[in-house]
Amino acid sequence: MLALALLGACVSVPPPAPLAPGDTLQAFAARRLEVPGLPPAAEGWSRAQWLTAALTLNPQLAEERAQLEAVIAAERTAAEYPNPNMQLFGEYLTAAAQSAAWLYGVSLDFLLREPGARGRARQQAALESALAQSDLSESIWQVRDALRLALLDAACAHDEGALLDELVSARQALLRSDRTRLALGDIGRPLLLTDELELARAEQRQREARARATDAVARLASAVGVPAAAVREVPLRWSDWNAIANLQTEGAERWRSEALIARPQIVHALRAYDLTEIALRGEAAKRWPQLHVTPAYAWGGGGLRDADTLNSNIESESALGVSFELPIFNQHQGAIGEAVARRTLAAEHLRAVQADIFGQIDRAEAAWPQAIQAWSNTQQLAELASHQQQAEARALSAGESERGSLITAQVAAIEARLAVLQAAYSAQLAFGTLEDAYRRPLTADELAGPPQVLPPS
């Protein structure tokens, strides 16, 4: 038995794997958008390819996967039987005749666990694995959501920047035209000041759009798990992001029902409730005595031969001990009551999570039609502004108008197109909120073919 104990101590263990923050920092700084199975990022990735890169490179997801592996490893521990404890002892015996002898022995302590303890331990480990799996699923969705929003912001900022460039140019042309009219005495100075103020506002909007594009690139890099420098020169593409009419929500009722019972947060809460149920069963099982069986064997003798009346020449002896808890001061009712209270808390938490998700879905489903309607209204206004610009162009060609009026109509048309762009962005946000509420993509756009490539922001 001693040999078995020594053999267990000699089991090989993994070698040390020290970490140096400087080395990990250097490794992260050297990361680039290189993912096996994907084309070079310089060719422009689709949303599905960006998501594949994030699932491969994101450090937070790597940590979640490691956490899941650690929890799954605990399932093996839960399935193991407890090892017995061995005790070696020696006793010096002295008889009445002052003749002495040594007695040597060995004992083993076997734990007889309460009924069903091993099964509950295995079930608990499996539930904790399910908890970690639901956490990983939620983290994957959060990464996907951050990635989608960053790509949306980058694409919107790109298109908005192009329109703002046009707006600044039109405002500059209008300012030059009004300066000429001021010199001729056709307009007053206040109108020119208004032109200068509107030009300054357009230039400020232009700078803000560039800042949003830069921030979107940084957030995209964070979602993927690479430094911003690795993304800065990569083309970002989502050319049809503002095609709101293509977004569909068919099957929403089925997705709603599935989300209310199968979203990762609900699965997590349900598994947490199951864990409290197992804990309650375990506390209740402790009312049964947990037995320790201790067989022992001793040998010795040779020193007690003079006391014949005692006949105490010891050769060997065996013993069997049994120990268990005496439920004198308590019967584990306190621990059982705590377990019942924790189970009640877990049940209420599940109901609260479900109610919160219910509210999220209700709000998202109510906001989506309003966003679609707002986008449709701005589309109509943009069409009217475009028609007005065309009419001013025809009037100028016929000599019935002046260039300042045409530029003013052009500015109004650009502003209307910017309003459409903002309405499309708001609709995409509402659509993304609906996807978040259902925790599922509502369209196959992430798997679509390569759209037009946008130049780097």
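Look through L112, L131, L184 and report the one residue that is touching a strand residue (DSSP E or B) at 6+ places or on another chain (Cβ under 7 Å) and either more than 24 Å from R232 (Cβ to Cβ) or surrounded by fewer than 16 Cβ atoms within 10 Å (Cβ to Cβ) (or both). Result of the check over L112, L131, L184: L112.
For segment 220-242, the criterion of being of a type in the set (S, T, N, Q), more than 30 Å from D135 (Cα to Cα) and either part of a helix (DSSP H, G or I) or touching a Leu at 6+ places or on another chain (Cβ under 8 Å) (or both) is satisfied by at least one residue. Of everything in segment 335-383 that is acidic (D, E) and surrounded by 13 or more Cβ atoms within 10 Å (Cβ to Cβ), the residue that is farthest from A430 (Cα to Cα) is E338. For segment 44-85, the set of residues classified as over 30 Å from V231 (Cα atoms) and outside any loop (DSSP other than H, G, I, E, B) consists of E69, A70, V71, I72, A73, A74, E75, R76, T77, A78, A79, N85, listed by residue number. The residue list R205, R201, R176 contains one member that is in contact with a helix residue (DSSP H, G or I) (Cβ under 8 Å, 6 or more places away or on another chain) and either small (G, A, S) or on the phi < 0 side of the Ramachandran plot (or both), which is R205. Just one of the listed residues (I372, I361) is assigned to a helix (DSSP H, G or I), touching a residue at least 12 places away in the same chain (Cβ under 8 Å) and within 24 Å of the chain's Cα centre (by Cα), and it is I361. Among (1) farther than 25 Å from D436 by Cα; (2) in a loop (DSSP other than H, G, I, E, B); (3) of a type outside the set (D, E, K, R), where does Q248 come up short? With (1) farther than 25 Å from D436 by Cα; (2) in a loop (DSSP other than H, G, I, E, B); (3) of a type outside the set (D, E, K, R) applied to Q248, the lone miss is (1).
Mind telling me which of the residues R403, R439 ends up being touching a helix residue (DSSP H, G or I) at 6+ places or on another chain (Cβ under 8 Å), charged (D, E, K, R) and buried (at least 20 other Cβ atoms within 10 Å of the Cβ)?
Only one candidate passes the filter, namely R439.
Of the residues making up segment 268-301, just one is within 21 Å of N83 (Cα to Cα) and basic (K, R), namely K286. Against the criterion of being surrounded by fewer than 16 Cβ atoms within 10 Å (Cβ to Cβ), within 25 Å of the chain's Cα centre (by Cα) and part of a helix (DSSP H, G or I), S257 qualifies.
Let me confirm something: among S323, S318, which residue is under 30 Å from G90 (Cβ atoms), polar (S, T, N, Q) and loosely packed, with under 11 Cβ neighbours inside 10 Å?
Only one candidate passes the filter, namely S318.
Among the residues of segment 40-68, the one identified as over 22 Å from R232 (Cβ atoms) and basic (K, R) is R65.
Each reported figure results from applying straightforward, stated rules to the coordinates on display, with no laboratory input. Small disclaimer: the values here were computed from a predicted structure and weren't measured. Every residue, glycine as well, gets a Cβ built from its backbone with ideal geometry; the counts of neighbours run over all protein chains shown.
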